[in-house]
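Since the structure comes first, as structure tokens, the remarks are kept for the end.
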Amino acid sequence: MNISDILILRQEFFLFGILILLLLYKLVASNSSINRGIIFGINILMAINIIMGFLNTSYGNLFGGMFQSNATIVLEKNLLAIGTLIICMQASDWTNTFKNNVEYYFILIATLLGMDIMISSGHFTIFYIGFELASLPLAALVSFNKAEKSSAEAGIKMILMSGFSSCILLFGISLLYGLSGTLLFDKMVAIHFDGSLSVLAFLFIFAGFGFKLSIVPFHLWTADVYEGAPINVTSFLSVISKSATVFIFLTILYKVFGSFNTTWIYALSLTTVFSITIGNLFALRQTNLKRFLAFSSIAQAGFILLGMISGSNLAMGSVLYFIFIYIFSNLAAFGVLGILHHQNGKDSILDLSGLYKRNPFLGIVMVLAMLSLAGVPPTAGFFGKFFLLNSAMSKGYYLITAIAVLNMIISLYYYLRIVRIIFTDATEEQSLITAGSWLGKLSLVFCIIGIIAIGFIGDLFEYFNYLSFGI
Amino acid sequence: MNSLSIILIPALPLAVFVLNGLFGKVIGNKLAGILGTLCIAISFVLSLSIAYTFFAVSKDGAYPAQIPFKFDWLQFGKGINVQLGAIIDGISVMMLIVVTLISLMVHIFSLSYMHGEKRFATYYAFLGLFTFSMLLLVLSVNIFQMYMGWELVGVSSFLLIGFYYDKPSAVAAAKKAFIVTRFADMFFLVGILIVSSIGGSLDIPTLIQNLGQAGAIDHLHLGTTFIGWSSLSTGLLFIFIGGAGKSALFPLHIWLPDAMEGPTPVSALIHAATMVVAGVYLVARLFPIYLFSAPEILRIIAYAGAFTSLFAAIIACTQFDIKRVLAYSTMSQIGYMIFSLGLGGWNQNVHGYTASMFHLFTHAIFKALLFLSAGVVIHYVHSNDMRDMGALRKKMPFLNIVFLIACLAIAGIPPFAGFFSKEMILNTAWEANGFIFILGVLTAGLTAFYMFRLYLSIFWRDAINSEDKHNSHPHSSWLENLPLGILAIGAMMAGFIPFAKFINFDVHIDETSNFSVTAIAIAMAISGILLALFMYKSDSDRPRTMVSSLGSLYQIIYKKFYIDEVYLFFTKSIVFNSIAKPIQWIDKNIVDGFMQLTANFSLFLSRKIRGMQSGNLQYYMMFFMAGLLLLFILCISI
């Protein structure tokens, strides 16, 4: 392994280095007090991780094509790194309150490492290793609040469902191996897909991804787990974990199953319609904010699938672009929610009432996040949705575009409900809210900048589009 | 053309929004208001100078469109760019003047009217945002840019309707307006996608070049989709539905009357003069495409407009809330503008284009005047109900005069502004389609009737208790009177502008004016006014009024009383109860109810499927497998 190979693997090595560092720290540090200093250090290291991605542009394949790196993959890793940094910053309020806080970051970064490996994979074995590394630690994170029963319950649900879907995914992969005799993505391009076995192979793999993306009908675990998990884990689940899955799913869908598109377009169209509609209908009646965001994220995942369907260059570009925006919009909402929960321990929608009066900054962040998630111009969320719809329209999928557009109106209803609650008067017992630590505030400022600015930087979409590929 | 001044026109209000929005508390209320007013005044002056330079140069009587600047903003796919730029042609210059003028008037008026409001600086910030977005919309060179402006005016309208956010009805109204218009906007968006994919561009001049010429679509082989329409027609219909939402056309009008919950100057600016005519402007902007590529859609537009105009006018006759009367009247007048544009669907009649723009121009002036005056009255009487008003002519002589001018203008009495534009529309209708002409004439009569009903109820009809109730002196401020005066002059003079010379579709077509049409229009207006006089000049039900009116005029009053009874019987029992009430009922229960029903249905559905989410893990896995199996069966079967 020479120096250029190490450069290709720089982000993985770096994350691994952080993990070793944290382990060593855990060994030497005293166990009796809360380690505050290290949290700041972790944030710095995560920021360096982002810079690493931008710095050196050396691409190539390793291990005979099992590990790949190119501009697109580095971009995807950077998107994940940015999101993870924001989550780390937001989590600092929460992690400063207990002793084993280093463990939270350790598991989080291990998961990120798994995602990076998964995205870079060019072979199903490497992919599966990454996939599991990105799944198993999540169950530990979900049950992180050991004192809370709901958190432990969510952890059990997560691990069982995750194992279940992994089995199915693995079954799909083995069917695919049976069809082709290889596990390398590049060689699988030659598979002649035909007959029910191919359909089964695709659907099993799709179900494995569907679980992680929480699309209907593989979504039922979402609300329970999101509700039970600590907020800074829920945000990681709903944003980073989903994004990473989308990235690798796009690669496998377009590269491996590229010639099988008549079937997967059909399957994706069905799940798109169901995800958007069912996600919306559930979100309408939620009273718990975390459950609300869980169902809204199911609907958003449906939109992502909608963008994928057309299979063109534009499709992938619009999906990447949407995810970039989604990271900021959703993390803004979760950030505010985290601060609220941290200060009064509640997370029902009604607890947002009068937020604008109690803390104008948080109120405005939440309003912007809701508008962006609803796709109201001129927030970036609108541009994201617009390009998704545009990519579906460009290949003539009028019917599902129409259904998606109708659903956007329904979703407007419940997002605006939150906005209205934020502006109503606070009841007497509701106190003022402070905006939390400066790290948390800074992360929200990043989110606001993202929500407002991304839509107006046309070159950004152009760049994403340039790095994309179609079938 | 100086592109700097064109950039400055929308940029100044935007600067006001940013400054007042961020530093409103630091600047202080008074300064925030003055800053906003000053900036919009500069914008107005710049608009005037642009109008002057634009109309100074003509090429054989025509004024070619100019694009002072345009740069790429977003690029996606091949050949489809979103540009940010400005187009300067007849209608956009006219709209520039209208928007900046009315906005300036409202800014000045609000300095006094909104005085003492806690969120005064925020109010001016929102006004700035609205003005900026409206100007962005008007200047759009690209249909996507237009959509951005379109959504931004929606957002600022939402903010301004809900300005009194501690009032639940205002919040509900803001939300209703936002959702109904957004519903329509979705059609607009899909329409944009369809039309731009056929026309190969989002750039409006290019689209017009590709689609807006005789025979332009013949070589495109669009084929027909359903009921014989091409997909282009469907796209254009969708775009029109977007416009119908903003312009409150039936059945998407339900938000406009509720939107009156906002501060009255806001109603004058947004819900009378500028934002609600955005739909008209949109159709006018794409008029060549409609005219040559989808005349059948223009016919639909004409019927939609004509129906709305009559429908709203009938409802306006039964309302007691003065702002609601004005809201329905706005709907009715916008219906006028819309059907005038739609008349192009018959024999490619392009007079309606000029007439519609002319009416938009004059209507903006007198309707803003009406709303601002109504605001003064409401402040004085502390009520929106015209039954609480009466005999205000002595207390508010100035307001009496300007209100009368505005009423005469909207009723279409020569030589006030509304007469000229309305006459031009009716003339076009006469040429194009008899049925729509009849609807238009009926609406004209009703308009005169309900406007004078309003005017007389406020300023004449000496009610019994009015003397005791409002014995205070009305608060009068030059800041309020100045804009009223200016607008009143406009309402008197605007009709004399040789509009057809400046804004026309084709210079070589001469205006024709049919004397009998003019006569019918005037006769209808006068009979409407007379009817109103008979019924509302004085409060005939009240004995004290009768006594005070006795004396030498007894005979006349007796006769009036008699006719009053007849008309009361006729209108109240027959027209109001049998026609207007059912229409209002349909409006309230069926049209409104439908929207309610869809909301209830989705709630019902979501309640039903809630059982799916039981928390039981085995069940989740079963669902997972069942879903997978179902997908498998479906995928195998294709």
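Listed highest first by mean packing, meaning other Cβ atoms within 10 Å per residue, what order do A:201-210, B:286-295 come in?
Those peptides, ordered most packed to least, come out A:201-210, B:286-295.
Over the whole of B:167-173, what's the average partner chain Cβ count within 10 Å per residue? Rounded to a whole number, please.
Mean shielding by partner chains, rounded to a whole number: 1.
Distance check, please: which entries in A:Lys99/A:Lys290; A:Lys290/A:Lys357; A:Lys157/A:Lys212; A:Lys242/A:Lys290; B:Lys30/B:Lys118 exceed 18 angstrom between their Cα atoms?
In this structure, A:Lys99/A:Lys290; A:Lys290/A:Lys357 exceed 18 Å between Cα atoms.
Could you size up the charge dipole of the protein assembly as shown around its Cα centre, putting +1 on the beta carbon of Lys and Arg and -1 on that of Asp and Glu, and report it in debye to the nearest 20?
Its charge dipole is roughly 1600 debye.
Set the Förster radius R0 to 25 Å, insert the Cβ-Cβ distance between B:Gln618 and A:Ser348 as r into 1/(1 + (r/R0)^6), and round the FRET efficiency to 0.05.
The calculated FRET efficiency here is 0.30.
How big, on average over all directions, is the shadow cast by the Cα convex hull of the protein assembly as shown, in nm²?
On the way: hull surface 186.3 nm².
That works out to 46.6 nm², a quarter of the Cα hull's surface.
Give me the one-decimal nm value for the distance between modelled label points at A:Ile129 and B:Tyr164, 7 Å along each residue's Cα-to-Cβ direction.
That separation, rounded to one decimal, is 6.8 nm.
Mean separation of Cα pairs under 8 Å and 6+ residues apart, divided by the residue count of chain A: what relative contact order is that in percent?
With pairs under 8 Å counted, the relative contact order is 15 percent.
Counting only other chains, and only Cβ atoms inside 10 Å, what mean value do you get across the residues of A:219-225?
5
Order the peptides A:380-389, B:385-394 from the highest to the lowest mean number of other Cβ atoms within 10 Å of their residues. Could the numbers behind the result be given before it?
Working: A:380-389: 26.6, B:385-394: 18.7.
Answer by packing, highest mean first, reads A:380-389, B:385-394.
If each of A:Asn100 and B:Ser637 carries a label point 7 Å out from its Cα toward its Cβ, how far apart are those two points in nm?
Placing both labels 7 Å beyond Cα along the Cβ direction yields 5.1 nm.
Pick out, from A:Gly317, A:Phe456, A:Met393, the residue whose Cα sits farthest towards the positive end of the charge dipole of region A:261-471, with +1 on the Cβ of Lys and Arg and -1 on the Cβ of Asp and Glu.
Looking along the dipole axis, the top candidate is A:Met393.
Calculate, in whole percent, how much of the Cα-Cα pair population of chain A lies beyond 37 Å.
Across chain A, Cα pairs with separations above 37 Å total 21 percent.
Which whole-number percentage describes the relative contact order of region A:278-322, with Cα contacts under 8 Å and a sequence gap of 6 or more?
The value is 28 percent.
Hey, what's the Cα Rg ratio for region A:351-471 versus the globular rule of thumb, 2.2 N^0.38 Å?
1.30
Compute the label zone of A:Asn61 within region A:121-137: residues whose backbone N is under 11 Å from the point 7 Å along Cα-to-Cβ.
Residues passing the 11 Å test: A:122-123.
Return one quarter of the surface area of the convex hull spanned by the alpha-carbon atoms of region A:48-163, equal to its mean projected area, in nm². Can you show the working numbers first?
Details: hull surface 32.2 nm².
Over every viewing direction, the Cα hull of region A:48-163 projects on average to 8.1 nm².
Take the Cα atoms of region B:70-133, find their three principal axes, and give me the spread along each one in whole Å, biggest first.
54, 28, 12
If you average the alpha carbon positions of region B:343-367 and of region B:6-45, how far apart do those two centres end up, in angstrom?
What the calculation gives is 33 Å, centre to centre.
Along the Cα→Cβ direction, 7 angstrom out, place labels at B:Lys30 and A:Lys357. What is the inter-label distance in nm?
The answer from the label model is 2.9 nm.
Please get the size of the charge dipole for region A:261-471, origin at its Cα centre, with Cβ charges of +1 on Lys and Arg and -1 on Asp and Glu, quoted in debye to the nearest 20. Before the final figure, lay out the partial values.
Numbers: 11 positive and 7 negative charges, 48 e Å.
For region A:261-471, the charge dipole is close to 240 debye.
Out of residues 5 or more away from B:Trp73 or on other chains, whose amide H comes under 5 Å of its own, with H placed 1.01 Å from N in the peptide plane?
B:Val82, B:Gln83, B:Leu84
What average count of beta carbons from other chains do you get within 10 Å of the Cβ of residues in B:295-303?
Partner Cβ neighbours, averaged per residue: 0.
Pairs of alpha-carbon atoms within less than 8 angstrom and 6+ residues apart define the contacts here; what relative contact order does region A:261-471 have, in percent?
31 percent
State the dimensionless ratio Rg/Rh of region A:261-471 (Rg: radius of gyration of Cα atoms; Rh: Kirkwood radius).
Rg/Rh: 1.01.
Where does chain A land at 222 nm, in deg cm²/dmol rounded to the nearest 500, when only DSSP H runs of n ≥ 4 count, each adding -39500 (n - 2.57), divided by all residues?
-24500 deg cm²/dmol
Only the coordinates and a few stated rules stand behind these numbers; no lab work does. Remember, it's a predicted structure, so these values are computed and weren't measured experimentally. When we count neighbours, we look across all protein chains shown, and the Cβ atoms used for this are built from the backbone with ideal geometry, even at glycine.
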